[in-house]
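The values are calculated or read from the model by the stated rules, or taken from the named source; none is laboratory data. On a predicted model such as this, the values are computed, not experimentally measured, just so you know. We place every Cβ from the backbone using ideal geometry, glycine too, and count neighbours over all the protein chains shown. Please note that ligands, DNA and RNA were not included when accessible areas were found on the heavy atoms of the full protein model with its side chains. Shrake-Rupley method; radii C 1.70, N 1.55, O 1.52, S 1.80 Å.
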Amino acid sequence: MLGLKLATDPRWVNIVESNIEEILTDHAWCEQKAASNAISLITQNSEKEELVTELMIIAQEEIDHFKMVHDLIKERGLIFGRERKDSYVNELFKFMKKDGSRNDALCERLLFSAMIEARSCERFKVLSENINDPELAKFYRDLMISEAGHYTTFLGFAKKYADNVDVDKRWKEWIDYETSIIVNYGKNETVHG
């Protein structure tokens with residue numbers, strides 16, 4: 001699914017279930033950061049009308065997801081904690097190429113975004129299929145579908161705006177790199193942890 005080479009061990013859900021408050025807080029902040037990422041891409045590429053239009057939709061969906069997770073935290077009487085550091089995303093960020101044209105940089109940022117959405121989608125699938133809480137299982141199944149759409153949107157725009165980048169080749173490099181780092185994750189009750 002999504003071209004990822006290493007699937008999340010379903011036993012990760014046991015870790016998640018031991019601290020639902022933590023996974024929900026981390027998840028809420030992931031959604032907020034995803035909305036901010038889409039807005040940042042709009043700000044930096046305002047002349048690309050189609051990109052701006054689609055990313056406004058994604059930004060709105062991500063902020064809606066943030067609200068949904070925050071509402072779930074409140075409904076369950078849990079505490080919405082402070083923003084969490086996402087080491088997985090920080091490691092992906094280091095892999096982004098920082099040279100080339102403005103369009104090359106956009107392409108790279110879109111691939112970075114697609115990778116985060118792909119792994120989030122995969123984690124939500126694992127949660128939806130393995131968590132013992134029917135409400136959360138449905139919640140994560142619905143979000144999985146949305147994340148898959150975001151992944152394909154980012155990847156599609158990377159292909160559209162690539163001037164000097166072989167996107168298929170570069171995506172394979174992203175997949176290989178992600179495989180090399182994801183082995184260090186799946187041990188914490190966070191979306192990417």
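Yes or no: the range 52-71 includes at least one residue that is at pLDDT below 95 and within 17 Å of the chain's Cα centre (by Cα).
No, there is no match, as no residue in the range 52-71 is at pLDDT below 95 and within 17 Å of the chain's Cα centre (by Cα).
Can you tell me which of (1) closer than 25 Å to Asn103 by Cα; (2) free of Cβ contacts under 8 Å to residues at least 24 places away in the same chain is the one Asn37 doesn't meet?
Of everything listed in (1) closer than 25 Å to Asn103 by Cα; (2) free of Cβ contacts under 8 Å to residues at least 24 places away in the same chain, Asn37 misses just condition (2).
Looking at Glu189, is it part of a helix (DSSP H, G or I) and not aromatic (Phe, Trp, Tyr)?
The answer is no for Glu189.
Examine the range 81-97 for a residue that is farther than 25 Å from Asp176 by Cα and loosely packed, with under 13 Cβ neighbours inside 10 Å, and state whether such a residue exists.
Yes - at least one qualifying residue is present in the range 81-97.
List the residue pairs whose Cβ atoms are under 8 Å apart, where the first residue sits in the range 113-127 and is more than 13 Å from Thr152 (Cα to Cα), the second is among the basic types (Lys, Arg), and the two are 6 or more positions apart or on different chains.
Phe124/Arg141; Lys125/Arg141
Mind listing just one residue for me: the one in the range 133-172 that is of a type in the set (Val, Ile, Thr) and over 18 Å from Asp104 (Cα atoms) and, of those, least open to solvent (accessible area, probe 1.4 Å)?
Thr152
From the residues in the range 115-132 that are open to solvent by less than 20 Å² (accessible area, probe 1.4 Å) and small (Gly, Ala, Ser), which one is farthest from the chain's Cα centre (by Cα)?
Filtering first and then ranking leaves Ala118.
Taking the range 14-59 on its own, how many of its residues are outside any helix (DSSP H, G or I) and open to solvent by 70 Å² or more (accessible area, probe 1.4 Å)?
Counting residues in the range 14-59 that are outside any helix (DSSP H, G or I) and open to solvent by 70 Å² or more (accessible area, probe 1.4 Å) gives 3.
Take the range 110-163 and flag every residue that is among the aromatic types (Phe, Trp, Tyr) and over 23 Å from Thr43 (Cα atoms).
Matches in the range 110-163: Phe124, Phe139, Tyr140.
Tell me, which residue of the range 60-78 that is touching a residue at least 24 places away in the same chain (Cβ under 8 Å) and not in a helix (DSSP H, G or I) is most open to solvent (accessible area, probe 1.4 Å)?
By that ranking, first place goes to Arg76.
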